[in-house]
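Here is the structure we will look at.
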Amino acid sequence: MSETFRLTLAQLAPTLGDIPGNIAKARAAWETGKTAGADLVMLPEMFTIGYQPQDLVMRPAFYREAMAAVEALAADTADGPPLAIGAPFHDGTALYNALHICDGGRVALRVLKQVLPNTDVFDEKRLFARGPDQGPFRIGPLLIGTPICEDAWWEDHVCSTMADAGAQILVVPNGSPYHRGKVALRHEKMRARVVETGLPLVYLNMTGGQDDQVFDGASFGINPGGEIAFQLPQFDDAIAHVDLEHTADGWRIRPGPVTPEPDAWEADYRTMVIALGDYFAKTGFKKALLGLSGGVDSALVAAIAADALGPENVRCVMLPSEYTSQSSLDDAEAVAKALGTRLDTLPISGPRAAVTEALAPFFEGTKPDVTEENIQSRLRGLLLMALSNKFGEMLLTTGNKSEVAVGYATIYGDMSGGYNPLKDLYKTRVFETCRWRNANHRPWMRAPAGEVIPPSVIDKPPSAELREDQKDEDSLPPYEVLDAILDGLIDREASVGELVAEGFDRDVVKRVEHLIFISEYKRFQSAPGARLTRRAFWLDRRYPVANRWRDKT
């Protein structure tokens, strides 16, 4: 009979800073593994403290509490299988991103992360010291190499070193956040390590939202030959018992269920739902508030909020002016009714008249312009924030990535709010996401199924309705053109010359480029929002606020 090894994987969601709560989850996962006859229970990278901790992890009181908690967990789990859990480690000289191996009532050893990512949302060179080369460790019959997250993304490095030192399998704990296409990218990178080393590989990811990022699970295993041996659900918590078998060709992962990941539309939508729901749960808010204008952006935010929090916990407010069309009033009512949310109406005519009267002596002799339009937006922001303060409901802001990119929003007006679910979703994708939500319903959605965003909302020309007959295209290129240019300038970092060569009008590209640069100060003060791409506005893209450079190509 061949040798076997049972590995229990805990694909779970930590809460950043909740060390006791995270340790309790780890202990419960260990109990599950113990009951199932596990030889090793594995938790993700930095699970003890949550991820990503940013500068919090450098506070001595914080990392000392985390280290003490792991020591206590090791003592508590002495009468069962070894447990591996991510946590910071300070050796008296430097701070490391570490995997702590708890065995026999103590932390028997620590594996220290070597490759510290310093791109996209990661700043680990700021936080941690680089660990030394380390070989595998033995548990029972198996020599296990545990490259930590980024350690496994690079060829001829940590994985090769561990394989050369005798590792028989690679088990990779991760804190890997979602972006569009990320699962396929992980498969590609991990297959390369399997080919490079000839070893089976198990990839363990965490779940849950943290600020802008969502960790999407989808843990998997790959055998030599490149086939996926198993895959856990994307986004969902799961505890899985993975059996390994020692064959004539070495250790192999016994095949298990391969859960297919959802398509990009569903993955993006669920990311926005999780990001919002976990942001509320982790900041202590229970109810959301938003201005429902009758337009497509606020309708989609209302749907996301209702799916994340439940319709009973979402208050929509229509704040009409004389420029608000009857169709917008009707559409807002239809959206709220379909979703099952509360809808209040709060006209801005009275406050606007008071502000107009107060400013009249100062504005005498001037012509109305964007100033008067922005007053309307800021009055709406003021009234919504008053409701938020009075009733403890977090205000959601509803600007899509196209608007955030070019500054087509009023700072201290419609940009007011604590979270923006659409911050990384271009306008053209907003339309399609609404259509996707109307056509699809999943068990994790808390709002009703069906056409919750009427076609009239999706199909009508976008307008801020701050003046008579206003349309977005009065101020911006058509969204199909704008989004394609933004994709080039922001997501691909293409030059103006390259976009002109692709067929775009140079004057339009230059205007969009200028709007992006002069709107940096607005983004600097904007609410966080769900990250869907590798060029989201926050940690992925960091530009100076004051900047005179412009592309001359």
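Rule-based calculations on the coordinates, nothing more; no lab input. Small disclaimer: the values here were computed from a predicted structure and weren't measured. Cβ placement follows ideal geometry from the backbone for every residue including glycine, while neighbour counts extend to all protein chains displayed.
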Separation of alpha-carbon centers, segment 525-553 and segment 373-436, rounded to whole Å: 18 Å
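Would you mind calculating the relative contact order of segment 4-261 from Cα pairs under 8 angstrom and at least 6 residues apart, reporting the percent as a whole number? Intermediate values should be presented prior to the final figure.
Details: 621 pairs, mean separation 49.1, N = 258.
Computed over segment 4-261, the figure is 19 percent.
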Alpha-carbon Debye profile of segment 4-261, log10 I(q)/I(0) at 0.10, 0.11, 0.14, 0.17 Å⁻¹: -0.42, -0.51, -0.87, -1.38
The chain: angle of helix 60-76 to the longest principal axis, Cα-based, in degrees nearest 10: 50 degrees
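Determine one quarter of the surface area of the Cα convex hull of segment 414-484, which equals its mean projected area, and express it in nm² to one decimal. Intermediate results must be reported in sequence, preceding the final value.
Numbers: hull surface 25.4 nm².
It is 6.4 nm².
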Cβ-based charge dipole, segment 1-146, positive-most Cα from 80, 46, 11: 46
³J(HN,Hα), Karplus 6.51/-1.76/1.60, whole Hz, each residue of segment 157-169, x for Gly, Pro: 9, 5, 4, 5, 4, 5, 5, 4, 7, x, 4, 9, 7
Amide H partners (placed H, <5 Å) of residue 218, local residues excluded: 234, 235, 236
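Given an 8 Å cut-off on Cα distances and at least 6 residues of separation, report the relative contact order of the chain as a percent. Don't skip to the end; give the middle numbers.
Values: 1137 pairs, mean separation 63.2, N = 553.
Once normalised by length, the contact order is 11 percent.
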Cα long-axis angle, helix 182-197 against the chain (0 to 90 degrees, to the nearest 10): 20 degrees
Charge dipole (segment 4-261, unit charges on Cβ, about Cα centre) - positive-most of 139, 172, 149: 139
Packing-based ranking, highest mean first, of 91-97, 12-18, 237-243 given that Cβ atoms within 10 Å are counted: 12-18, 237-243, 91-97
Unit Cα scatterers, Debye sum, segment 374-413: log10 I(q)/I(0) for q = 0.16, 0.19, 0.23, 0.30 Å⁻¹: -0.44, -0.59, -0.77, -0.98
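Order by neighbour count: 202, 355, 545, fewest other Cβ atoms within 10 Å first, most last. Mind showing how you got there, number by number?
On the way: 202 25, 355 17, 545 13.
In increasing order of surrounding Cβ atoms, one gets 545, 355, 202.
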Contact order normalised by residue count of segment 265-471, Cα under 8 Å, 6+ apart, percent: 27 percent
Distance histogram for segment 50-169 (every C-alpha pair counted, 10 angstrom bins, percent rounded to whole numbers): 13, 42, 35, 10, 0
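Can you give the extra length, in nm with one decimal, that the chain gains between residue 553 and residue 449 once fully stretched, where that is 0.36 nm per residue apart less the Cα-Cα distance?
Stretched out fully, the residue 553 to residue 449 stretch lengthens by 32.5 nm.
Would you mind giving the average projected area, over all directions, of the Cα convex hull of segment 265-471 in nm² with one decimal?
Working: hull surface 44.8 nm².
Directional mean of the projected Cα hull area for segment 265-471 stands at 11.2 nm².
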Ordering of 393-406, 474-487, 426-439 by burial proxy (mean other Cβ atoms within 10 Å per residue, highest first): 393-406, 426-439, 474-487
Pairwise FRET efficiency - residue 106 versus residue 28, Cβ, R0 = 22 Å, nearest 0.05: 0.60
Contour minus Cα-Cα distance for residue 241 and residue 492 (0.36 nm per residue): 86.3 nm
Cα centroid separation - segment 163-240 against segment 76-122, whole Å: 19 Å
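Which order results if 457, 452 are arranged by neighbouring Cβ count within 10 Å, fewest first? Could you put the intermediate results ahead of the total?
On the way: 457 25, 452 28.
Ordered from fewest to most neighbouring Cβ atoms within 10 Å, 457, 452 come out as 457, 452.
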